[in-house]
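Each remark here refers to the structure printed beneath this line.
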Amino acid sequence: MKFSSLKQQIIVIFLTLILGIQLAGLIPIQYSVDKNVRKLVGKELDVGEKVFLNLLESNTENITNGAKILAADYGFREAIASNDQETILSALNNFQSRIHADIAIFYGVQNDSMTVSGNLTEQEAKPVVNHLIDTHSASAKKIDFEIFNDMPYQLVAVPIKAPIIIGWMVVGFEIDDALAEKLNKLSSLQVTFLQRAEKGAWLSSASTLSRDDQLSLIDYFEHKAKPDLANNEVRINDDVFDSKTLTLHHDSDNMLLAVLQRSITAEISNYQTLKYTLLILTIFGLGVFTVAIIYVSNYIAAPITKLSETAKQLEQGNYDLTIQTDRHDEIGDLSKAFNSMRDAIATREAKVARLAFWDDVTNLPNRVAFIKHLGEKIAAHQQRGLPLTIIVLNLDRFKEVNKILGRDLGDELLNRVAQSLKAMVRTDDMVARLGADEYGLLLASAGLEEGLAVAHKLQKIFDTAIDLAAQKIDVTAGIGLAVYPQHGDSDEQLLHNAETALHVSKSKHSGVVLYDAAFDLGIQENLSLASELKTAIQGRQLALYLQPKVNLKTKRGYAAEALVRWIHPEKGLIFPDQFIPFAEQTGLIKDITLWMLEEACRVHTELKTEGIELTIAVNISTRDLIDSDFPDKVEAIFKRFNIAENAISLEITESSIMDDPVRAEATLHRLANMGLKIAIDDFGTGYSSLGYLKRLPVKELKIDKSFVMNMEKNDNDTIIVRSTVDLGHNLNLKVVAEGIENIEVWNILAKMGCDYGQGYFMGKPMPEKDFKSWLDKWEAQSQDMAPKKLSA
Amino acid sequence: MTTLADYRTLVPWAFLILCGVHQGHAAELLVEVQDSKGAKLKDAVVFVENTKTAGIAPTVGYELEQKSKQFNPQVSVVQVGTSINFPNRDKVRHHVYSFSSAKKFELKLYSGVPANPVLFDKAGTVVLGCNIHDTMLAYVYIVDTPYFAKTDSNGVAKLANVPEENYTLKVWHYALQQENKVVEQSISVKSSNKAIPVKLEINHANLIQGE
């Protein structure tokens, strides 16, 4: 049998043990009782035997004394002397009835006469009497038993003296049940007299046993060849008797036995009470022990069961269960260890969960958590018919920030933005970090209008620069919105749509953008354009446009920036915004750059033939800078067109340099060594360090149009521009201002000493064929251009 | 000092001496009685009989006293016709009786000397007892001859002045194996005779102790 639980095992083991001990105790007790009872009964039997013999002796003595009285009676003796038979017989009769004897016999010595009183003939009596008389003198106190007519008698012979022996008195008592009872009373033994005539069957003459028992005893003797006189255990019916057999009489004819018995069974039954008491005590003890064992096993096993239950709960992820224990033993230690293990697992799991659903940098939920939460919210809102809004926000140019300021500050920036965002929303809203520089906001229960309001509020966060490590950093962000249920009814779709809106916002710098189904079409358009771009490059669908740069001081000294346009056979003119990012991603930009260089060379050559010496600036991208073959390719083009190196200049953005500053620097040095003039484009929007810029072979800075466009109204922009101009000059660089749209700005810049200007005020980007006529027109009007007039 | 009894015992001796002288030669007869193992037997009664010895009257009475709750002597031999007196010399009273066929009598409780002596007129054995005191026992053996004697402690009986004739020698003892079976043998008494040895089968259990 197997017991699955520790508790059962403890109970079974200990109960078996205690039961075994109790039984092991009972067996010796049983044995000892048995042995003692037998010993006791044996002793009692010995004592009883003595009492029995003593009793018979004293019986004999009593009879003897009675007989002696008669024997000494003078008259009786006189009757004997006179041989008066009748008198003798009457005296015997009288005597017999007086002492209740069964037999009284007188035997006269002188004339060998015999007088018998009792149920006996002289012939029967004679041999017995002679025998008695013969043996009388040999032992003084002899108990004689004889059997007359199959009846046993106890006989006493007393001599009659006058004064020598003249005769004998023989007195006999029948051995009957009364005698047996009397003996039984005094000796406490069962007494049975058994007799047997020669070769005859055993008979019970008298007994204190029941008739059945007597028969059983007789049966025992019948089957015993030679009756044993020693103590013997005799089984009589259901009782076991310790028995002792005395031979009272044994001659050739008859045998008389006295069987003395004491019941062992009866004696043992006296101990039965003791046994029952022991048994009750044992059962009671077992009961008490069982209760104690159950208590102890509970005490031991219950906490273990609790532990295993708790372990199962742990397995299911329930870490709330605490095992209460005030025990100081091993179980207590185990419970405490278990608790601390559970805490450790819970902590670790929480950590894992955090890692899975949490962003440690911003201390915000991550994308997975956001989608999960969004899904839950949608499910909940679906039932209640509530709307919700998600806002996706992406920081502009975060990569540059990270590159330039280092990852720690980048993280700090992300964190700051996260804090600001969190401050803007309600508690049941969610702010998550969806990607490197992208945040997601879930506005629970916000509809379209509310969502837009929040989005615009968010945008205001970025109006002010963020203080970061003692630097003020201008951060802008694209913001996309999608509203449930209008813009999608699944978490994925909603998020996708919000990100599409974000993408639009980013690409157009248009701030808050609400998702529109049309965006998807636009994006598809972009994608198809991208696939067509390669053909476009080879199929000469691209066109080079020129935007003039003018010397602010002389109003002449022209140069131009080459800009690419895609003349799509079906869609017409496509602006670079729509395909350049894709070209950057795919690497097609390198082909575009080379095409631009070739085209610039060709244009330069053509204009030269018309007498216009124009330096054309070509934009080069990051991919060009990290391409170590790029300078060789440039050189090959120059050689092919056979033009001077100063005919073409290169423009690079700050950010393009920062992707791989080392290789970029090496490439730029090689290009510069070839005699190419290099300008930094969009200066002021990146985060390039001046120390680094100083090392580059740069000849020109182009101030970003965002500073220039509203200069006349914005003093800060003016200061920045002026500082940049001064900075450029101090570094011995020419400074170009982009985005000049009116005469006022022109004037301010001219006053500042800015070297060149570029903008709609002077001229929009134009096909090369239009450049001659623009030049003519500009020269015509610019000579009259006076600040006064222009400002008017 | 000579007592009355002494005188009485002297009487037969004197008579025998006279007779012997009167009838010619007389001799002294010595009989040595032993038991079967050769031990000397005391108180055996030895006497001789022939046709001439019966019917001779005894000359003198006999005294059998009771003293210290005992008969004294315990064994007596007397001639037929002897009167025996039973003086009680104890302070307690005695009840002397005999159920013997040779002489039945009883002297009911008495003290001192009874008025009449008891005449033993038949030969035989008389066993005397006291009805009060069971241990008192005496044997009186009555012979019909003047020639008798008791063995002394040496087992020797001396019969004096026995005429030199042929006799039947008889020996009796109270503890004979076969009760009252007198041992007999024919003898011829002569002066030159030596002591005659007689062996008796004795039941030692019946011997009176202390005698």
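Numbers below:
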item	result
Two-decimal log10 I(q)/I(0) for chain B, as the Debye equation yields it once each C-alpha is a single scatterer, q = 0.11 Å⁻¹	-0.54
Degrees between helix A:491-508 axis and first principal axis of chain A (Cα, 0 to 90, nearest 10)	20 degrees
Two-site label geometry, A:Asn730 and B:Arg93: point separation in nm, points 7 Å out along Cα→Cβ	18.7 nm
Normalised contact order of chain A, rounded percent, pairs of Cα under 8 Å and 6 or more residues apart	7 percent
Whether region A:634-792 is rounded, prolate or oblate, judged on the alpha carbon gyration tensor where a/c under 1.5 counts as rounded	oblate
Rounded, prolate or oblate (a/c below 1.5 giving rounded, otherwise prolate when a/b exceeds b/c) for region A:44-264 by Cα gyration tensor	prolate
C-alpha long axis of helix A:448-461 to longest principal axis of chain A, angle in °	70 degrees
Test item: A:160-167 mean partner chain Cβ contacts at 10 Å	6
Principal-axis tilt of helix A:122-136 within chain A, Cα atoms, nearest 10 degrees	80 degrees
Cα convex hull volume per residue for region A:1-116 (Å³)	167 Å³
Straight-distance crosslink candidates among lysines, where the alpha carbon sits under 19 Å from A:Lys472 and sequence neighbours closer than 8 are dropped	A:Lys399, A:Lys403, A:Lys460
Straight-distance crosslink candidates among lysines, where the alpha carbon sits under 20 Å from A:Lys336 and sequence neighbours closer than 8 are dropped	A:Lys306, A:Lys312
Cut-off 11 Å, label 7 Å out along Cα→Cβ of A:Gln123, residues of region A:166-184 by amide N	none
Per-residue average of Cβ from other chains inside 10 Å of B:98-111	2
Inter-label distance, nm, simple model (7 Å from Cα along the C-beta direction), A:Val109/A:Leu19	8.2 nm
Compactness index (Cα Rg / 2.2 N^0.38 Å), region A:527-791	0.99
Inter-chain shielding of A:104-112 (mean C-beta neighbours from other protein chains, 10 Å cut-off)	1
Computed over the protein assembly as shown, Kirkwood Rh from alpha-carbon pairs, angstrom	46.2 Å
Packing-based exposure ordering (other Cβ within 10 Å, fewest first) of B:Tyr62, A:Tyr276	A:Tyr276, B:Tyr62
Sorted by Cβ density within 10 Å, fewest first, the residues A:Arg695, A:Arg433, A:Arg384	A:Arg384, A:Arg695, A:Arg433
Set of lysines near B:Lys67 by C-alpha distance (under 19 Å), chain-local residues within fewer than 8 positions excluded	B:Lys91, B:Lys108
Semi-axis lengths, Å, region A:127-198, gyration tensor of Cα atoms, sqrt of 5 times eigenvalues	27, 15, 10
Cross-link table A:Lys68/B:Lys181; A:Lys590/A:Lys633; A:Lys553/A:Lys734; B:Lys42/B:Lys199, entries beyond 19 Å C-alpha to C-alpha	A:Lys68/B:Lys181
For peptides A:542-553, A:762-773, sequence by mean Cβ density within 10 Å, most packed first	A:542-553, A:762-773
Distance violations [Cα-Cα > 31 Å] among A:Lys422/A:Lys705; A:Lys35/A:Lys199; A:Lys639/A:Lys772	A:Lys422/A:Lys705; A:Lys35/A:Lys199
Listed peptides A:25-34, A:57-66, A:75-84 by packing density, highest first (mean Cβ within 10 Å)	A:75-84, A:57-66, A:25-34
Residue exposure sequence - B:Ser76, B:Ser101, A:Ser340 - by fewest surrounding Cβ within 10 Å	A:Ser340, B:Ser101, B:Ser76
Inter-probe distance in nm under a simple model that places probes 7 Å from Cα toward Cβ, at A:Lys553 and A:Arg426	6.3 nm
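Readers should treat all values here as calculations from the given coordinates under stated rules, not as data from a laboratory. Owing to the predicted nature of the structure, the values given are computational and were not obtained by experimental measurement. A quick note on method: Cβ atoms are made from the backbone with ideal geometry, for glycine too, and the neighbour counts reach across all protein chains shown.
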